[in-house]
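Reviewing the structure listed below.
The values are calculated or read from the model by the stated rules, or taken from the named source; none is laboratory data. Computed from a predicted model, the values in this text were never measured in an experiment. Methodologically, a virtual Cβ is constructed for each residue, glycine included, from the backbone with ideal geometry; neighbour enumeration extends over all protein chains shown.
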Amino acid sequence: MATLIEVQNLKKDYPMGAAGVFNALKGVDIKVEKGEFVAIMGASGSGKSTLLHLLGCLDTPTSGSYLLEGTPVHTLSQDELAELRNSKIGFIFQSFYLLPRANVLENVELPLIYDKIPPSERKKRAMEVISFLQLETHAKHLPNQLSGGQRQQIAIARALVNNPSLIMADEPTGNLDSVTSQRIMELLKKLNDMGNTLILVTHEADIAVYAKRLVRIKDGIIISDEPIKKD
């Protein structure tokens with residue numbers, strides 16, 4: 001497999017005023033190949049969300065290097081990071097982050113608007129992804145007319161619409177019941193089986209087992225990184 005992500009000695013510090021500096025990441029090394037499904041687990045404050053934000057180009061490291069498909073992310077400006085995020089990374093968040101006054105189709109189209117795709121092509125591509133998730137009958141519905149599971153599926157459609165190199169899921173089942181959570185994780189597993197690269201951040205062991213590789217982080221350091229054994 002080809003390397004998608006290569007991180008070396010990644011550190012992130014946060015100034016704490018009189019309290020000094022908080023070392024959220026203390027030198028992380030990680031490599032992710034194309035087509036992998038990686039779960040990152042850790043307790044609150046372990047650094048897993050900080051790592052996700054850095055890998056997702058939502059934040060910049062204090063030091064260290066990060067290559068995404070060979071692009072040196074750690075050297076990019078904020079505008080360049082924004083362009084990279086929109087073209088190469090799809091995000092799925094715990095809180096969905098759907099626009100409440102926009103319908104399903106308009107929410108899924110959003111990344112394509114940022115990418116300046118013409119309206120007719122936007123609608124075509126958005127409907128293709130919505131139809132793939134079998135939600136085409138809901139295309140004109142507002143988010144508050146959908147169940148939590150349907151809203152998360154729409155968030156997944158939005159993450160897929162730009163055909164990103166990497167899909168990042170931050171606690172994607174945190175607001176869902178157990179049955180709906182299982183359905184969402186089966187969908188993510190299916191996407192990975194189709195060749196999509198996924199990085200999942202979770203604190204739940206029964207969610208992490210859907211991945212193929214488990215990275216555990218504690219106090220800003222990776223303490224284990226191993227394949228997940230399937231029964």
Original post:
Among the candidates ARG122, ARG151, which residue alone is within 22 Å of the chain's Cα centre (by Cα), within 16 Å of LEU188 (Cα to Cα) and of a type in the set (D, E, K, R)?
Top reply: ARG151
Original post:
Can you name the number of the only condition in (1) more than 22 Å from THR197 (Cα to Cα); (2) surrounded by fewer than 19 Cβ atoms within 10 Å (Cβ to Cβ); (3) not aliphatic (A, V, I, L, M) that TYR97 fails?
Top reply: (1)
Subject >> Number of the condition not met by ASP193 [criteria: (1) farther than 12 Å from PHE96 by Cα; (2) touching a residue at least 60 places away in the same chain (Cβ under 8 Å)] >> reply: (2)
**OP:** May I ask you to say which residue of LYS48, LYS31, LYS88 is in contact with a Gly (Cβ under 8 Å, 6 or more places away or on another chain) and charged (D, E, K, R)?
**Re:** LYS48
**OP:** Scan region 18-30 and give yes if some residue there is closer than 26 Å to LYS189 by Cα and among the aromatic types (Phe, Trp, Tyr), otherwise no.
**Re:** no
Original post:
Counting residues that are surrounded by fewer than 20 Cβ atoms within 10 Å (Cβ to Cβ), out of contact with any Pro (no Cβ under 8 Å at 6 or more places or on another chain) and of a type outside the set (Asp, Glu), which strands (runs of 3 or more DSSP E) fully inside region 116-231 reach at least 1?
Top reply: 213-218, 221-227
Subject >> Evaluation of SER46 against (1) surrounded by 20 or more Cβ atoms within 10 Å (Cβ to Cβ); (2) among the polar types (S, T, N, Q); (3) at pLDDT 95 or above (one fails), failing number >> reply: (3)
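Which one is farthest from GLY70 (Cα to Cα), of the residues in region 1-32 that are β-branched (Val, Ile, Thr) and surrounded by fewer than 19 Cβ atoms within 10 Å (Cβ to Cβ)?
VAL21
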Subject >> Test: residue in region 62-78 that is touching a residue at least 60 places away in the same chain (Cβ under 8 Å), surrounded by 15 or more Cβ atoms within 10 Å (Cβ to Cβ), over 24 Å from GLN8 (Cα atoms) and touching an Asp or Glu at 6+ places or on another chain (Cβ under 6 Å) >> reply: no
**OP:** Search region 162-203 for residues being β-branched (Val, Ile, Thr) and touching a Leu at 6+ places or on another chain (Cβ under 6 Å), and hand back the single one that is farthest from GLN94 (Cα to Cα).
**Re:** THR197
